[in-house]
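The values are calculated or read from the model by the stated rules, or taken from the named source; none is laboratory data. The shown structure was predicted, so the numbers you read here are calculated from the model rather than taken from an experiment. Here Cβ is always computed from backbone atoms with ideal geometry, including for glycine, and neighbour counts include all displayed protein chains.
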Amino acid sequence: MNIETSDPDDPDEQNATTFVASVSVCIAIAAWATFAPDHALPLLKDLGSGALGLVGDLFIIVPSVLLVVLVALAVSPLGRRRLGAPDSVPDFSTPSWLSMLFAAGMGTGLVVWGIAEPVTHALKPPSEAMDAPTMAFLITNFHWGLHAWAIYAAGALVLAYFGFVHGTNYLPSSPLVREFNLPGIRVAAHTADVLAIVAVVFGVAGSIAMGTMLVHSGLTELTGVSATSAGVDWAILGVLFVAYMASSATGLDKGIRILSNLNMAAAFGLLIALIVLGGPSASLANIGQRTWEYMAAIPALCTQLNPFSATPAWYEGWTLIYMVWWVAWTPFVGIFIARISRGRSIREFVTGVLAVPTLFSIIWFGAYGQVGIDAAAGDPAAFAALAETNATAIMFKAFETLPGTVVLSTLATILASIFLITSVDSATFVLGMLTSGGALTPPASRKWAWGVILGVLGAVFAMTRNTDTIKALMVAGSVPFLGILVLQSAAFVKALKRDAAES
């Protein structure tokens, strides 16, 4: 009688094991946090606070170091090296490439916080180190600018280089296995893959919940539906699910590319409308001023842990949680950007991923945020109350002070919806890659399975409306992945030096 035994080196078995293990971990943690919140949340918060207390400063230090290294790499002769064969050409046009990486990397968050964050900081600045509006825009640009994209760029560049130059799988573990011949490295590497999947799932599920709340706020503003109606939430989630699953079925070159281009067209349309309605001269002057202030502050932002002289509570609740969020999204955004970047030089990659999205964000917040601050000046109490209870409604409150309120609110709601669909669609693609051995084109069945799982978890978080759960789970996934990102970067530098010496 033949007895079949499992083969730990069989790729199909490894993929199935990774898929089952990651799904089991995600469902178990989500169920625990949802159905036993009185037990789970305090423990998760304590674990998160304890971890951030030990390594929290690294979430500020590491992005600063990565930013400096990436810029130095781009301007050096190594920046000419291509992500692929020396004669390879990009898979996508530059506008489509930039649209896809931007939609995956920021998306709905820009719509949610475009007005809410500058207004919140202007009404309640963390210190008196500078005047409130200047600090508000500087904080916002710091949170959404070069440091955020340095995290994404590092995670993406490592995987793109190893994948397109050395032919490794597009998995977080691949650079570690290839470059570090240490005892137990394979076990640690597979653990890294599972941690990456968990970080992606909870980060995207949390975004589904936040996006649902924003769209609900928009519908309340436009149609008068109840702001607390569960039926409206279910309807939004249902339409979202059908949309991203349909897009997922069309593949990368159709669904995600088309949606990303549509995103950027809608975003530019809304941006231009706000500049015109907010007063072109004042808007453009504000954008120029805030750009200069941010660029002038970059040395301090890279060398000071608390450049705004904020209290520890504010620092942990804002700056630190933002950096944690970007790290949580790096397994998803990094793999996706790597996947669409074949054929580009390292210099082109770094310039595109760092400079272009950062510049657009500064312009976006400069126009959006100024509209919000001007509106809040007329009714600071109302805006302060929304900042405490419903930040997603601040944008619609600000639009009420402008001509064409209904048109602006409609366009913003549609834009948020398309951004959200694109992000979830991209996430199903990446999760399919992660649980299919890093395949460039994952099987549709695996993408659809993750689409269902993300939809269920996003619905759970949206219905509970408990942002503390989302933050706690995000921190739990991000802290270990920061260490993986550092190891990946070290592996990349090691390989790049060796390849340069051999060429």
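Pick from Thr168, Thr140, Thr108, Thr191: which is among the polar types (S, T, N, Q), under 25 Å from Ala297 (Cβ atoms) and out of contact with any strand residue (DSSP E or B) (no Cβ under 9 Å at 6 or more places or on another chain)?
Just one listed residue meets the conditions, Thr140.
Condition check: under 27 Å from Ala375 (Cβ atoms), small (Gly, Ala, Ser) and either touching a Phe, Trp or Tyr at 6+ places or on another chain (Cβ under 6 Å) or loosely packed, with under 14 Cβ neighbours inside 10 Å (or both). Does Ser207 satisfy that?
no
Residue-wise test of (1) in a helix (DSSP H, G or I); (2) polar (S, T, N, Q).
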{"position": "Phe92", "(1), (2)": "no, no"}
{"position": "Ser99", "(1), (2)": "yes, yes"}
{"position": "Gly109", "(1), (2)": "yes, no"}
{"position": "Gly114", "(1), (2)": "yes, no"}
{"position": "Glu117", "(1), (2)": "yes, no"}
{"position": "His121", "(1), (2)": "yes, no"}
{"position": "Met130", "(1), (2)": "no, no"}
{"position": "Pro133", "(1), (2)": "yes, no"}
{"position": "Ile139", "(1), (2)": "yes, no"}
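Do you know which residues across the range 169-188 are over 23 Å from the mean Cα position of the chain (by Cα) and in a helix (DSSP H, G or I)?
Answer for the range 169-188, where residues must be over 23 Å from the mean Cα position of the chain (by Cα) and in a helix (DSSP H, G or I): Leu176, Val177, Arg178, Glu179, Ile185, Arg186, Val187, Ala188.
Has the range 329-339 got at least one residue that is within 22 Å of Thr94 (Cα to Cα), part of a helix (DSSP H, G or I) and free of Cβ contacts under 8 Å to residues at least 40 places away in the same chain?
Within the range 329-339, not a single residue is within 22 Å of Thr94 (Cα to Cα), part of a helix (DSSP H, G or I) and free of Cβ contacts under 8 Å to residues at least 40 places away in the same chain.
Would you say Gly56 is surrounded by 15 or more Cβ atoms within 10 Å (Cβ to Cβ) and at positive phi?
Against the criterion (surrounded by 15 or more Cβ atoms within 10 Å (Cβ to Cβ) and at positive phi), Gly56 does not qualify.
Those residues that are hydroxyl-bearing (Ser, Thr, Tyr), touching an Asp or Glu at 6+ places or on another chain (Cβ under 9 Å) and in a loop (DSSP other than H, G, I, E, B), I need them from the range 406-442; list them, please.
Thr435
Could you please give the count of residues in the range 121-167 that are under 20 Å from Val493 (Cα atoms) and in contact (Cβ under 8 Å) with a residue 12 or more places away in the chain?
Residues in the range 121-167 being under 20 Å from Val493 (Cα atoms) and in contact (Cβ under 8 Å) with a residue 12 or more places away in the chain: 19 in total.
Is it the case that the range 79-86 has a residue that's outside any helix (DSSP H, G or I) and charged (D, E, K, R)?
yes
Give me the pairs, please: first residue somewhere in the range 61-78 and within 19 Å of His143 (Cβ to Cβ), second residue anywhere and hydroxyl-bearing (Ser, Thr, Tyr) and in a helix (DSSP H, G or I), beta-carbon distance under 9 Å, and either six or more positions apart or on two chains.
Between residues of the range 61-78 that are within 19 Å of His143 (Cβ to Cβ) and residues that are hydroxyl-bearing (Ser, Thr, Tyr) and in a helix (DSSP H, G or I), the close pairs are Val62/Ser489; Ser64/Thr303; Val65/Ser489; Leu66/Ser489.
Assess whether Pro403 counts as being outside any helix (DSSP H, G or I), at pLDDT 85 or above and over 18 Å from the mean Cα position of the chain (by Cα).
Taking the combined requirement at face value, the residue satisfies it.
Look through Val68, Val111 and report the one residue that is surrounded by 16 or more Cβ atoms within 10 Å (Cβ to Cβ), among the hydrophobic types (A, V, I, L, M, F, W, C) and farther than 23 Å from Leu195 by Cβ.
Among Val68, Val111, only Val111 is surrounded by 16 or more Cβ atoms within 10 Å (Cβ to Cβ), among the hydrophobic types (A, V, I, L, M, F, W, C) and farther than 23 Å from Leu195 by Cβ.
Considering only the range 311-318, I want to know if a residue exists there that is assigned to a loop (DSSP other than H, G, I, E, B) and in contact with a Ser or Thr (Cβ under 9 Å, 6 or more places away or on another chain).
Checking the range 311-318: at least one residue is assigned to a loop (DSSP other than H, G, I, E, B) and in contact with a Ser or Thr (Cβ under 9 Å, 6 or more places away or on another chain).
Yes/no matrix, rows are residues, columns are (1) of a type in the set (Phe, Trp, Tyr); (2) closer than 30 Å to Ala427 by Cα; (3) buried (at least 19 other Cβ atoms within 10 Å of the Cβ); (4) touching a helix residue (DSSP H, G or I) at 6+ places or on another chain (Cβ under 7 Å):
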| site | (1), (2), (3), (4) |
| --- | --- |
| Ser283 | no, no, yes, yes |
| Gln304 | no, no, no, no |
| Ala310 | no, no, yes, no |
| Ala313 | no, no, no, no |
| Leu320 | no, yes, yes, yes |
| Ile335 | no, yes, yes, yes |
| Ala338 | no, yes, yes, yes |
| Arg342 | no, yes, yes, yes |
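Just one of the numbered conditions (1) at pLDDT 80 or above; (2) within 27 Å of Ser22 (Cβ to Cβ); (3) surrounded by fewer than 22 Cβ atoms within 10 Å (Cβ to Cβ) is not true of Val225; which one?
Checking Val225 against (1) at pLDDT 80 or above; (2) within 27 Å of Ser22 (Cβ to Cβ); (3) surrounded by fewer than 22 Cβ atoms within 10 Å (Cβ to Cβ), the one that fails is (2).
Given (1) in a helix (DSSP H, G or I); (2) within 30 Å of Lys447 (Cβ to Cβ), where does Thr250 come up short, assuming only one miss?
Among (1) in a helix (DSSP H, G or I); (2) within 30 Å of Lys447 (Cβ to Cβ), the lone unmet condition for Thr250 is (1).
Any idea which residue in the range 422-443 is farthest from Val25 (Cα to Cα), counting only those that are under 14 Å from the mean Cα position of the chain (by Cα) and aliphatic (A, V, I, L, M)?
So the residue we want is Val424.
List the residue pairs whose Cβ atoms are under 9 Å apart, where the first residue sits in the range 9-28 and is over 24 Å from Gly458 (Cβ atoms), the second is assigned to a helix (DSSP H, G or I) and at pLDDT 80 or above, and the two are 6 or more positions apart or on different chains.
Hits for this filter: Asn15/Arg446.
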